[in-house]
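Participant: Sending over a structure as structure tokens; questions will come in a sec.
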Amino acid sequence: MTRVRVILTIVWLVAVTLVLIPVQMLAVAADRPLGRRLPMWWHGFALRRLGVRVTETGGPAPDRPLLITCNHVSWLDISVLASRMPLSFVAKSEVARWPVFGLFARLQRCIFVDRQRRTATAATTREMGARLKAGDALVLFPEGTSSDGNGILPFRSSLLGATRAAIGEGGTGTVWIQPVAIRYTRLQGLPIGRHERPRLAWYGDMDLFPHLLAAFRLGAIDVDVVWGEPISTTGRTDRKVLAAKLERRVAALYAGVEPV
């Protein structure tokens, strides 16, 4: 993008966001359906202004309770997924304290987990379980962090215990987990290679706002969202075995090969 287009894009996003924030606050406080639908529209609007084009293979499962597990590359992942369907994310607790984005996360009805405190995991899985049981679709990034976009990091199993919490004390019933892969494929119409992908990725100790401004200047970005077949889980499902299975499936979807 040229400097003028970057400025105009920022002005548009700020103006629309300022109008919608009070509406979303009221909708969330009143627990209205609009509180789930409005973020979907906003993320789609933001992607269009940024020049991000999303191509989907497959689609979200209609079954509930539904937990979506996805690889994590960039802050753009949030808008890419949230523009597809009403959903909320499981995010690290630091996000809640970030300027601006902490407010956005709360208005998206995100669940925050303190990964530095082991005792916080149980409380988070209970909250996730309650939300899943209530019919909310949740997104979990099981890698626990973002990557450079050139592969899939090992999946952590701890928060997958939320599926058991959603099933409840009786241990009967099913929770669906859908593996999803996000692939950034083109930049300004040209294929993105291994050396170019980290330009889009936000990982390690990168500062968010400088990376955000740099991304605004990149121009058109093409991204693929590949939805896998949902996996049914019960109260007897071993979460470590499940994490390994989901990691293999997301890696296969990312690589464009048949999942195992």
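Every read-out reported here was derived from the displayed coordinates using simple, explicitly stated rules and does not represent laboratory data. Predicted model, so just to flag it, every value in this text is computed and none were measured. Note: ideal-geometry Cβ built from the backbone for every residue, glycine included; neighbour counts use all protein chains shown.
Participant: Looking only at the chain, where both bridge partners belong to it, what percent of the DSSP beta bridges are antiparallel (to the nearest 5)?
Facilitator: 40
Participant: Could I ask something else about it? What size of dipole, in debye to the nearest 20, comes out for segment 87-146 about its Cα centre when the only charges are +1 on Lys and Arg C-beta atoms and -1 on Asp and Glu C-beta atoms?
Facilitator: With Lys and Arg at +1 and Asp and Glu at -1, about 160 debye.
Participant: Taking neighbour Cβ counts within 10 Å as the exposure measure, how do 246, 50, 18 sort from fewest upward? Provide the component values of the computation, followed by the final result.
Facilitator: On the way: 246 23, 50 20, 18 9.
Ranking 246, 50, 18 by Cβ neighbours within 10 Å, fewest first, gives 18, 50, 246.
Participant: About its Cα centre, how strong a charge dipole does segment 126-167 have in debye, to the nearest 20, once Lys and Arg get +1 and Asp and Glu get -1 at the Cβ?
Facilitator: Taking the Cα centre of segment 126-167 as origin, the dipole is about 280 debye.
Participant: Mean residue ellipticity at 222 nm from the helices of the chain, using -39,500 (n - 2.57) per DSSP H segment of n ≥ 4 over the full residue count, to the nearest 500 deg cm²/dmol? Could you put the intermediate results ahead of the total?
Facilitator: On the way: 9 runs with 109 residues, N = 260.
Value at 222 nm, helices only: -13000 deg cm²/dmol.
Participant: Here is a further query. Could you tell me which residue out of 246, 120, 198 lies farthest along the dipole of segment 52-255 toward its positive end? Charges go on the beta carbon: Lys and Arg +1, Asp and Glu -1, centred on the Cα centre.
Facilitator: The listed residue farthest towards the positive side: 120.
Participant: Against the longest principal axis of the chain, how steep is helix 119-133, in degrees 0 to 90 to the nearest 10, with axes from Cα atoms?
Facilitator: Tilt of helix 119-133: around 90 degrees.
Participant: If I fit a long axis through the Cα atoms of helix 3-29 and take the longest principal axis of the Cα atoms of the chain, what angle between them do I get, 0 to 90°, rounded to 10?
Facilitator: Relative to the chain, helix 3-29 is tipped by roughly 40 degrees.
Participant: Suppose every K and R has +1 on its Cβ and every D and E has -1 on its Cβ; what is the size of the dipole of the chain about the Cα centre, in Debye to the nearest 20?
Facilitator: For this selection, approximately 280 debye.
Participant: Considering only 167, 23, 154, whose Cα is most displaced toward the positive end of the charge dipole of the chain, charges sitting on Cβ of Lys, Arg (+1) and Asp, Glu (-1)?
Facilitator: Value computed over the given set: 23.
Participant: Order of 234, 9, 163 from fewest to most other C-beta atoms within 10 Å?
Facilitator: Values: 234 13, 9 17, 163 27.
Lowest to highest Cβ neighbour count: 234, 9, 163.
Participant: If a/c stays under 1.5 just call it rounded; otherwise compare a/b with b/c (prolate if a/b is bigger, oblate if not). Do that for segment 52-255, with a ≥ b ≥ c from the square roots of the Cα gyration tensor eigenvalues.
Facilitator: It is prolate, given that a/c is not under 1.5 and a/b is the larger ratio.
Participant: Right, here's the next one. Given H placed 1.01 Å from N in the peptide plane, which residues other than close sequence neighbours of residue 186 have an amide H under 5 Å from its amide H?
Facilitator: For residue 186, the qualifying residues are 192, 222.
Participant: What distance in nm separates the simple spin-label points at residue 85 and residue 122, each placed 7 Å from Cα in the Cβ direction?
Facilitator: Each label point lies 7 Å from its Cα, and together they span 3.2 nm.
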